[in-house]
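Note sheet for the following structure.
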Number of protein chains: 2
Amino acid sequence: MAETHRRRSDATRAAIRDAARERFAADGYERATIRAIASDARIDPSMVIRYFNSKEKLFAAAAEFDLQLPDSRSIAHAEAGWALVGHFLDRWEGDDTLLALLRTAVTHAAAAERIRAVFADQLAPLLAELCDDRAQVPTRAGLVATQMLGLALSRYVLGIGPITELDRDAIIAWLGPTIHRYITARNPTDASPLTTSP
Amino acid sequence: MAETHRRRSDATRAAIRDAARERFAADGYERATIRAIASDARIDPSMVIRYFNSKEKLFAAAAEFDLQLPDSRSIAHAEAGWALVGHFLDRWEGDDTLLALLRTAVTHAAAAERIRAVFADQLAPLLAELCDDRAQVPTRAGLVATQMLGLALSRYVLGIGPITELDRDAIIAWLGPTIHRYITARNPTDASPLTTSP
DNA sequence: AGCTTAAGCCAACAGCTGTTGACACGTCGA
DNA sequence: TCGACGTGTCAACAGCTGTTGGCTTAAGCT
């Protein structure tokens, strides 16, 4: 009982959401027009509004994202940096949503907030289990963000040649040590108790 | 002789270009409307077109950028990574143009191409003098791009809290080693002649 | 069957966009 | 003084945008 009837509209609702995600990922917020999204979903533009009330809310529905980070116990701490790079690559290439968020966040405040939330609410808790000094976790999560978002920007959005040509293993090999250091290295601005020289 | 007359229009032309740069930097390409730019420059929208023929050409004029990288002889090779991070920060905070390029490049192909050119034509030649294996220079320049663009994106566009709060010295201390490794470290995917284990 | 209601299409709105052409003001040189 | 020209304003265009309301069809229930 309380069986929710599976209406026919659920299919088109999902079709609209998926088409919206692809358009946002490919064109950004303003160029992803409702008419284009509707056309992709083989539906009338007015239906998009009927189902999602406004473009803003359609975006909110299309841009829900879960990093699906593994549990801290299932990754070897000594290889955490490399594992994280690989995981990000997987999530990026298997799901349009992150690309949609990145393309829209540059001009759309709600998308930027969503990206901030991804790193603060999903990545930071994992880092909290990987490193000991809790106060530094937000900074470390932010540093990881700079490198991983920069990779995605360069590779998937800007199409910087030498970066798009690197294969998965090469990226992990190059960026792995960077991420690992951001997670585990001592704060380089802390004055050492033994030596204060750089 | 052949003295170019300094016309009054030169001032307004420059005003339009500066206003355009600020708007592109703040709003991205599509939201930076000609009417808004004209309003900032206290001029009629039609004048913008008269002076620059089209929005596209206005953008091209407003987005000319020179990284102003120092000569390879004037930086200590052992500190090149840290020096580069500092230089990027200076260029980013002293000139709207890079931010305008970053904001527009996400949806505008010409801007993306311009960013690619900055790293390929301005950064790569410097790296060519800093490291020995020439074949790897484009890859290394691209890697530097991923980290520096990611920093700018996180700090100036997305406003990731912990990153915006870092001061200049902290950023240099954290990212310096990363950039330095991208410039100088041996290709991590090369099999070592002595050991092939990771 | 017939009635209800969901699902979809069509046409239109008000607003904004880049761009254009016609007209007015002012400042020069002859 | 007159004309030419550089500089600027006004009004309007065609096209696109998100959004709305009314109409038509199809499905589901009794």
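Values in this text are rule-based calculations from the coordinates and carry no lab data. Predicted model only: the values in this text are computed from it and were never measured. Ideal geometry is used to build each Cβ from the backbone, glycine not excepted, and the neighbour counts take in all protein chains shown.
What shape does the range A:13-65 take by its C-alpha gyration tensor, where a ≥ b ≥ c are the square roots of the eigenvalues and a/c under 1.5 counts as rounded, a/b above b/c as prolate, and the rest as oblate?
rounded
Between the label point of A:Ala76 and that of the same position in each other copy, find the distances and list them shortest first in nm, with every label point placed 7 Å from Cα along the Cα-to-C-beta direction.
So the distances to the same position in the other copies read 3.7 nm.
Using the Cα gyration tensor of the range A:72-184, with a ≥ b ≥ c the square roots of its eigenvalues, what is the shape: rounded (a/c below 1.5), prolate (a/b larger than b/c) or oblate (neither)?
oblate
Could you check the simple spin-label distance between A:Glu113 and B:Glu79, using points 7 Å along Cα→Cβ, in nm with one decimal?
Between A:Glu113 and B:Glu79, the label points sit 4.3 nm apart.
Just in the range A:63-163: which GluC sites (Glu not before Pro) are loop by DSSP and have at most 13 other Cβ atoms within 10 Å?
Counting only loop positions with at most 13 other Cβ atoms within 10 Å, the GluC sites (Glu not before Pro) in the range A:63-163 are A:Glu64.
Sum up the charges of everything whose Cβ sits under 15 Å from the Cβ of B:Phe119, counting Lys and Arg as +1 and Asp and Glu as -1, but leave B:Phe119 out.
Values: positive: A:Arg155, B:Arg91, B:Arg114, B:Arg116, B:Arg140; negative: A:Glu165, B:Asp66, B:Glu113, B:Asp121.
So the surrounding residues net to +1.
Longest span of chain A, sites excluded, free of trypsin sites (Lys or Arg not before Pro) in DSSP loop with at most 12 other C-beta atoms within 10 Å?
By the stated rule (loop sites, at most 12 other Cβ atoms within 10 Å), A:43-185.
What's the FRET efficiency of A:His87 with B:Asp66 using the Cβ-Cβ distance as r and R₀ = 35 Å, to the nearest 0.05?
In this case the efficiency is close to 0.40.
Label the protein assembly as shown by shape, choosing from rounded, prolate and oblate, from the square roots a ≥ b ≥ c of the eigenvalues of the Cα gyration tensor; if a/c is under 1.5 it is rounded, and otherwise prolate applies when a/b is larger than b/c, oblate when it is not.
oblate
Counting each DSSP H run of 4 or more residues in the protein assembly as shown as -39500 (n - 2.57), what helix-only mean residue ellipticity at 222 nm follows after dividing by all residues, to the nearest 500 deg cm²/dmol?
Mean residue ellipticity, 222 nm, calculated: -18500 deg cm²/dmol.
Go ahead and run the numbers for FRET between B:Ile49 and A:Thr184, Cβ-Cβ distance against an R0 of 45 Å, rounding to 0.05. Mind showing how you got there, number by number?
Values: r = 55 Å, r/R0 = 1.23.
Efficiency for this residue pair is about 0.20.
Assuming 0.36 nm per residue, please report the length gained on full extension of the stretch A:Glu165 to A:Asp121 beyond their Cα-Cα distance.
12.7 nm
Just tell me, in residue order, which DSSP H segments of chain B are both 20 angstrom or longer along the helix axis (alpha-carbon based) and at least 0.0 in mean Kyte-Doolittle hydropathy. Please list the in-between numbers first.
On the way: long enough: B:9-27 (26 Å, -0.72); B:80-94 (21 Å, 0.03); B:137-152 (22 Å, 0.96); B:168-184 (22 Å, 0.24).
Counting only whole DSSP H runs, the qualifying helices are B:80-94, B:137-152, B:168-184.
Answer with one residue from A:Pro162, A:Pro70, A:Thr97: the one whose Cα lies farthest towards the positive end of the charge dipole of chain A, charges on Cβ with Lys, Arg +1 and Asp, Glu -1.
Toward the positive end, the furthest listed residue is A:Thr97.
Would you tell me the mean number of C-beta atoms belonging to other protein chains that fall within 10 Å of each C-beta in A:101-110, as a whole number?
Mean shielding count: 4.
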